[in-house]
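J.: Below you will find the structure I want to go over with you.
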Amino acid sequence: MKRKEYLWAYLFISAPILGFMLFAFIPLSYSVYVSFTQYSGYHAPVFQGTDNYSKLLAEDPLFWKTMFNTFYSALGIPIGMALALGIATALNQKIRGIYFFRTFFFLPTISSVVALTLLWKWIFNSNYGLLNYLLGLVGIQGPAWLSSESWAMPAMIIQGVWGGLGINMVLYLAALQGVPKSLYEAAEIDGANGWQRFVRITIPCISPTTLFILVTSIIAVMQDFPRFQIMTEGGPNYSTTTIVYYLFQNAFRYMDMGYASAMAWALGLLLLLVTLLNFWLSKRWVHYE
């Protein structure tokens, strides 16, 4: 009977294990080998040692430019987290129609990324876009958002912050509803005002959620691709070319799979280091009790 239960257990877990082996582990392992070769996808890989990694670190200025662009776009993470927390705090009140507002803010999360990106491409249009039209109503000359090297990345940051508000708001809202009310009551008795209660009770109690949002947001930003491809195609003058978009160009436009694989593993290692650093620093500000 016990052996039969084991057989059924292995049968149920065989599908995800097989899927992981075929679509994740084997391709990842092969990409390690490809990163040390010259490979276009049309002929057999030619081993060339660490040439791809040497080119990556010392010979390709675009790699460092796209890496800078990626970290530049990550400036939207703290802005988005602060806005999401503010909205969640407002939506945590018991007022009429609160469920409508919660749905309204979460709706972009379940909408098509392509559709939303095209919508924002129209909003940022310098000739007939909604944003410059609204700025013109108050006497402000709007910039050429997506065709200016100075304004293209800020425009992408604005769109990225808006797109991530929904899911982060829901996570913060769940965390806020889990804070014990007895803590607020005790602090109020001790004479703490609203801001003191927020800083001394709310922020520490929701810190595990803050860590989760921070780590997942960094990973998402470092891997962000479709928005940049649709809105700017990396331009103008590579000002919005992120590391993943540059990786895509090398792999599927220039057919340099070896170099793209080296870039992917460099990015993976960087993500690992940043994530470990976040977990190490979290010991100082995340409270689990």
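The values are calculated or read from the model by the stated rules, or taken from the named source; none is laboratory data. Note that the structure is predicted; figures quoted are calculated from it, not measured. Glycine gets a Cβ as well: all are built from the backbone with ideal geometry, and neighbour counts include every protein chain shown.
J.: State which residue is surrounded by the most Cβ atoms within 10 Å (Cβ to Cβ) when the search covers only segment 144-154 and only residues that are in contact (Cβ under 8 Å) with a residue 60 or more places away in the chain and not hydroxyl-bearing (Ser, Thr, Tyr).
T.: Selected residue: 152.
J.: Please indicate, with yes or no, whether at least one residue in segment 48-67 is without any contact (Cβ under 8 Å) to a residue 60 or more places away in the chain, among the aliphatic types (A, V, I, L, M) and more than 30 Å from residue 155 (Cα to Cα).
T.: Yes: one or more hits.
J.: Kindly evaluate residue 160 against the criterion of being in contact with a Gly (Cβ under 6 Å, 6 or more places away or on another chain) and either in a helix (DSSP H, G or I) or of a type in the set (A, V, I, L, M) (or both).
T.: The answer is yes for residue 160.
J.: Taking the conditions exactly as written (modelled with pLDDT of 90 or more, in a helix (DSSP H, G or I) and in contact with a Lys or Arg (Cβ under 6 Å, 6 or more places away or on another chain)), does residue 70 satisfy them or not?
T.: Working: modelled with pLDDT of 90 or more: yes; in a helix (DSSP H, G or I): yes; in contact with a Lys or Arg (Cβ under 6 Å, 6 or more places away or on another chain): no.
So residue 70 does not fit the description; no.
J.: Moving to a separate point now. Name the one entry in 172, 128, 184, 133 that is under 26 Å from residue 81 (Cα atoms) and without any contact (Cβ under 8 Å) to a residue 24 or more places away in the chain.
T.: Values: 172 fails: without any contact (Cβ under 8 Å) to a residue 24 or more places away in the chain; 128 fails: under 26 Å from residue 81 (Cα atoms); 133 fails: under 26 Å from residue 81 (Cα atoms).
That would be 184, the only listed residue that is under 26 Å from residue 81 (Cα atoms) and without any contact (Cβ under 8 Å) to a residue 24 or more places away in the chain.
J.: Hey, another quick one. Among the residues of segment 266-289, is there at least one that is outside any helix (DSSP H, G or I), closer than 30 Å to residue 90 by Cβ and touching a Leu at 6+ places or on another chain (Cβ under 9 Å)?
T.: Looking through segment 266-289, at least one residue is outside any helix (DSSP H, G or I), closer than 30 Å to residue 90 by Cβ and touching a Leu at 6+ places or on another chain (Cβ under 9 Å).
J.: Also, I was wondering about something else. From 167, 87, 123, which residue is closer than 14 Å to residue 232 by Cα and surrounded by 16 or more Cβ atoms within 10 Å (Cβ to Cβ)?
T.: Of 167, 87, 123, the one residue that is closer than 14 Å to residue 232 by Cα and surrounded by 16 or more Cβ atoms within 10 Å (Cβ to Cβ) is 123.
J.: Out of the residues in segment 185-224 meeting the condition of being farther than 25 Å from residue 278 by Cα and in contact with a helix residue (DSSP H, G or I) (Cβ under 6 Å, 6 or more places away or on another chain), tell me which one is surrounded by the fewest Cβ atoms within 10 Å (Cβ to Cβ).
T.: 187
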